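See below for the structure under consideration.
The values are calculated or read from the model by the stated rules, or taken from the named source; none is laboratory data. The structure displayed is predicted, hence computed values, not measured ones. Methodologically, a virtual Cβ is constructed for each residue, glycine included, from the backbone with ideal geometry; neighbour enumeration extends over all protein chains shown. Surface accessibility is based on the protein's heavy atoms, side chains included, excluding ligands, DNA and RNA. Shrake-Rupley method; radii C 1.70, N 1.55, O 1.52, S 1.80 Å.
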Amino acid sequence: MKPLINYDDFAKLDLRVGEVVSVEEVVESEKLMKLVVDFGSEIGQKVIFSGIKKWYTVASLLNKKFIFCVNLAPKEFKFGQSYGMILGAGETEASLCILDKNLENGTAIK
């Protein structure tokens, strides 16, 4: 287990519902997929690279809603910049955080 954090540290995360509107495998990478995610009118669309290629196909992600952290500092890849992170679990197999109800894109996770 990682060290305990206080509520103020957790509150710094901006977790939102996002809908994957475009997906492509990054050909030059064994792990990465490039997602274009719609977070609604307040945030708009963001490009997010994720190391989930081993477990997910384009069809399994496209037009689906997941939970993302949208306020990470951009991360530079040789293929472009990533502006967030999709939430998931697992080390030997990934499982992404999905919603049990159809919430609006950009809805804040509290």
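Computed on protein heavy atoms with a 1.4 Å probe, the accessible areas place Asp38, Asp9 in the order Asp9, Asp38, largest first. On the protein heavy atoms, probe 1.4 angstrom, tell me the percent of accessible surface of the range 1-80 carried by carbon and sulfur. Percent of accessible area from carbon and sulfur atoms in the range 1-80: 54. Computed with a 1.4 Å probe on the full set of protein chains, the accessible area for Ile43 sits at about 50 Å². The aspartates and glutamates whose alpha-carbon is closer than 17 Å to the alpha-carbon of Lys53, local same-chain residues fewer than 8 away aside, are Glu24, Glu25, Glu28, Glu30, Glu91, Glu93.
For Lys46, a cut-off of 28 angstrom between C-alpha atoms picks up these lysines, skipping any fewer than 8 places away in its own chain: Lys12, Lys31, Lys34, Lys54, Lys64, Lys65, Lys75, Lys78, Lys101, Lys110.
Over the chain, accessible surface divided per residue gives 68 Å², non-protein components excluded, 1.4 Å probe. Database remark: amide H of Lys64 closer than 5 angstrom to the amide H of Val20 (H placed geometrically; neighbours at sequence offset of 5 or more, or on other chains; Pro and chain starts carry no H). Lys54 exposes around 150 Å² of accessible area when a 1.4 Å probe is run over every protein chain in place.
Along the axis of the charge dipole computed for the range 1-89 (Cβ charges of +1 for Lys and Arg, -1 for Asp and Glu, origin at the Cα centre), the listed residues Ile5, Tyr56, Met85 are led at the positive end by Tyr56. For the chain, the fraction of C-alpha pairs more than 19 angstrom apart is 45%.
Between Lys2 and Glu30, residue separation times 0.36 nm minus the direct Cα-Cα distance comes to 7.3 nm. Between Phe10 and Lys64, the modelled labels are 2.7 nm apart [label points 7 Å from Cα along Cα→Cβ].
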